[in-house]
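What follows is a set of notes on a single structure, which appears directly below.
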Amino acid sequence: MEKIVLKAEPRKTGRHSNRELREGSRVPGIVYGREIEPQPISTDRKTLGLALHQSGSGLIEMELPGQAVLHVLTREVQRHPTKHFVQHVDFLAVSMTQLVRLQISVVMTGTAPILEAPDMVLVRQSDSVEVECLPGDIPEHLVADMSILKTIDDEVTVKDLQVPANV
């Protein structure tokens, strides 16, 4: 996974400041974490969209003027209800030496032999699982092998997922 660098600037807080930022194609947000005070920021809308798309649930490097580069995870993205553009974003600053817990998506691979029967349907209970790892070791996704589904009683559980050793 390639590193994503997002440039952000401190922003003013106030009654109409967020509206002015959005009209200027910027997105308001906040960065918080254990070792830093919550800090209101703003980023370019287009750059933020690319960073969110490329990172998935992974790590983003954030550059703030006059500060060291922060490693952040996206915690919440608020979107406009009809136009779907990003209105506000929350980032969690993390230490690269402390474990984090987050949801990772599960991707299915292979073909289940039982699904060749015309009356069979695959029912998925969950599309993601919670993992714990260091921020530098966050996988893009976990893989579930569907070829183990040979009979109607077979199932794929969390223990069957292909998980990297450090996760």
Checklist entry - With each run of n ≥ 4 DSSP H residues scored as -39500 (n - 2.57), what mean residue ellipticity at 222 nm is computed for the chain after dividing by its residue count and rounding to the nearest 500 deg cm²/dmol? => result -3000 deg cm²/dmol
Next on the checklist: Let's test the formula: R0 of 22 Å, r as the Cβ-Cβ distance of V123 and K83. What FRET efficiency results, to the nearest 0.05?
Outcome noted: 0.05
Checklist entry - With θ set to phi - 60° and the Karplus curve 6.51 cos²θ - 1.76 cosθ + 1.60, what are the ³J(HN,Hα) couplings of segment 116-122 in order, to the nearest whole Hz, using x for Gly and Pro? => result 6, 6, x, 9, 9, 9, 8
Checklist entry - Which residue, A68, A117, A51, tops the fluctuation ranking in a GNM of the chain built on C-alpha contacts under 10 Å? => result A117
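So which GluC sites (Glu not before Pro) in segment 40-127 are both in a DSSP loop and have at most 16 other Cβ atoms within 10 Å of their Cβ?
Numbers: sites: E61, E63, E76, E116; in loops: none.
Within segment 40-127, no GluC sites (Glu not before Pro) qualify (loop, at most 16 other Cβ atoms within 10 Å).
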Next on the checklist: How high is the relative contact order of the chain? Use alpha-carbon pairs under 8 Å, at least six apart in sequence, and give a whole percent.
Outcome noted: 19
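Restricting to DSSP loop positions (anything but H, G, I, E, B) with no more than 12 other Cβ atoms inside 10 Å of their own Cβ, which trypsin sites (Lys or Arg not before Pro) remain in segment 69-155?
Working: sites: R75, R79, K83, R101, R124, K150; in loops: K83, R124, K150.
Hits after loop and neighbour filter: K83, R124, K150.
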Item to check | Residue among H141, H88, H53 with the largest mean-square fluctuation in a Gaussian network model of the chain, springs linking Cα atoms under 10 Å | outcome: H53
Checklist outcome for this item: Taking only protein heavy atoms and a 1.4 Å probe, the highest-to-lowest accessible-area order of K159, K12 is K159, K12
Checklist entry - Among H16, V123, H80, which residue has its Cα positioned farthest towards the positive end of the charge dipole of the chain, with +1 placed on the Cβ of Lys and Arg, -1 on the Cβ of Asp and Glu, and the dipole taken about the Cα centre? => result H16
Item to check | D137-K7 pseudo-label distance in nm [points 7 Å out on the Cα-to-Cβ vector] | outcome: 3.5
Checklist outcome for this item: Which of V89, V143, V121 fluctuates most in a GNM of the chain (C-alpha springs under 10 Å)? That residue is V121
Next on the checklist: Can you return the lysines within cross-link range of K83? Criterion is Cα-Cα under 30 Å, with same-chain partners fewer than 8 residues away left out.
Outcome noted: K3, K7, K12, K46
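The values are calculated or read from the model by the stated rules, or taken from the named source; none is laboratory data. All values derive from a computational prediction rather than experimental measurement. Note that we place each Cβ from the backbone using ideal geometry, even for glycine, and neighbour counts take in every protein chain shown. When the accessible area is computed, the model is the full protein with side chains, heavy atoms only, and any ligands, DNA or RNA have been set aside. Shrake-Rupley method; radii C 1.70, N 1.55, O 1.52, S 1.80 Å.
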